[in-house]
Amino acid sequence: MRHAVRVFSSARATPLRRALVAAGVTAITACALALAAPQAHAADKIIIMVGGINKLIYLPPKLAESLGYFKEAGLDVELQSQPAGVDAENELLAGAVQAVVGYYDHSIDLQSKGKEVTSITQLLLVPGGMEMVRADLADSVRSMADLKGKTLGVTGLGSSSSFLAQYLASRAGLKSGDYSMLPVGAGNTLIAAMKQKRVDVAWTTEPTTSILLSTGAAKVLVDMSSVDGTRAALGGLYPASSVYVHRSWMNSHKAEAQKLATAFVKTLRYIQTHSAEEIADKMPKDYYGGNKAIYVQALKASLPMYSPDGKMPAGGPEQVLKVMAGFNPNIKGKNIDLSKTYTNEFVDQVK
């Protein structure tokens, strides 16, 4: 059935028709504005993806939210969590989030793949974790050189934990085919993988490390929770947790990037000037894993790993690049421009 469409010219329109058309246009315009308003609000929101929000290595974003520093800076921030840093990275690349709290080494890895992200605030001076061996294997696995034929647990394939595990193994003289890696996430899923003997050695961070030690389920194989331990394991500092964004977003959202840096630097200063007990009281109770005493103990031991000012430590990027190139041929042969992987531009402006 054919439908006739009548087109009215303004010259032939009656006053009544003109009034009806004008009313229709006004209604359509009002509807369009109503629909556009939520989208404009959504565009103003900054979503930050965290690679495991309840880990102590990623404590600053939740603490900043609890202290009200994002709102104080004039930001509407939503925190989301993924079990591994590589998952958070993928969300950023997909455009689903505006920023990531994850390890700085992803910025080097991504540049080797033709993608540019930039750290705008450095949160940790060291990796803040440990390679831990199952207690029943502690007598036979005394170093990374003993991992031949073993299974290494990592948070995710392509995660920073896998980067560090591969480097430590290669430094001990092992090749990638000498061991296998199994993604087991973190926290309870990692603990379960250890108990079920699906992994022999696993990378983990606080408070999981303290839980494993207190229950006798695992022992420390390599400690990178301190400056001295990191230097011994890697040969230098390894700046880890950071706030990174697409470089193009940073260049087109200078004001927002500055506000983010301001909120995070204020949070780092709060960590430097308050006790572990005071900081723990600002965190959600379910982060304690049912044992606040162990959480506070783990936090107290972890306080030195946080950056005091959010700045990239001198020599840090070069050390991370050295580690990455030590096991990754895609990075070893590439000309990595480290100046594009981080900036102190915004933290320097925080008073």
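The values are calculated or read from the model by the stated rules, or taken from the named source; none is laboratory data. Just so we're clear, the structure is a prediction, and the values are computed from it rather than from any experiment. Quick reminder, even Gly has a Cβ in these numbers, built from the backbone with ideal geometry, and neighbours come from all protein chains shown. Heads up: the accessible areas ignore ligands, DNA and RNA and are worked out on the full protein's heavy atoms, side chains in. Shrake-Rupley method; radii C 1.70, N 1.55, O 1.52, S 1.80 Å.
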TODO: Search the stretch 259-274 for residues being touching a residue at least 12 places away in the same chain (Cβ under 8 Å) and of a type outside the set (A, V, I, L, M, F, W, C), and hand back the single one that is least open to solvent (accessible area, probe 1.4 Å).
DONE: Thr267
TODO: Identify the single condition in (1) open to solvent by 10 Å² or more (accessible area, probe 1.4 Å); (2) more than 20 Å from Thr208 (Cβ to Cβ); (3) of a type outside the set (Lys, Arg) that Leu137 does not satisfy, given that it satisfies every other one.
DONE: (2)
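Mind counting the residues in the stretch 278-299 that are assigned to a helix (DSSP H, G or I), open to solvent by 80 Å² or more (accessible area, probe 1.4 Å) and either at pLDDT 95 or above or over 20 Å from Met130 (Cα atoms) (or both)?
Matching residues across the stretch 278-299 total 4.
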Task: Of all residues in the stretch 140-151 being open to solvent by less than 70 Å² (accessible area, probe 1.4 Å) and hydroxyl-bearing (Ser, Thr, Tyr), the one that is nearest to the chain's Cα centre (by Cα) - done: Thr151
TODO: Exactly one condition in (1) touching a Gly at 6+ places or on another chain (Cβ under 7 Å); (2) within 27 Å of Leu321 (Cβ to Cβ); (3) at pLDDT 95 or above; (4) small (Gly, Ala, Ser) is not met by Ser225; state its number.
DONE: (3)
- [ ] Pick out, from the stretch 1-107, the helices (runs of 4 or more DSSP H) lying fully within it that include 2 or more residues that are among the acidic types (Asp, Glu) and at pLDDT 50 or above.
- [x] 85-93
- [ ] Within the stretch 312-351, work out how many residues are open to solvent by 30 Å² or more (accessible area, probe 1.4 Å), farther than 20 Å from Pro127 by Cα and in a helix (DSSP H, G or I).
- [x] 7
Task: Conditions (1) open to solvent by 10 Å² or more (accessible area, probe 1.4 Å); (2) under 16 Å from Met130 (Cα atoms); (3) of a type outside the set (Gly, Ala, Ser); (4) modelled with pLDDT of 95 or more; number of the one not met by Val199 - done: (1)
Task: the stretch 93-129, residues that are under 18 Å from Ile46 (Cα atoms) and out of contact with any helix residue (DSSP H, G or I) (no Cβ under 9 Å at 6 or more places or on another chain) - done: Ala94, Gly95
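Of these, Tyr167, Tyr179, which one is modelled with pLDDT of 95 or more and among the aromatic types (Phe, Trp, Tyr)?
Tyr179
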- [ ] Within the stretch 47-92, track down each residue that is open to solvent by 30 Å² or more (accessible area, probe 1.4 Å) and touching a residue at least 60 places away in the same chain (Cβ under 8 Å).
- [x] Asn54, Lys62, Ser66, Leu67, Tyr69, Glu72, Gly74, Pro83, Asp87
Open item on the list: Of everything in the stretch 144-164, what is at positive phi and modelled with pLDDT of 95 or more? Give them in sequence order.
Closed with: Gly149
TODO: Within the stretch 111-148, work out how many residues are out of contact with any Leu (no Cβ under 8 Å at 6 or more places or on another chain), under 21 Å from Asn330 (Cβ atoms) and of a type in the set (A, V, I, L, M).
DONE: 0
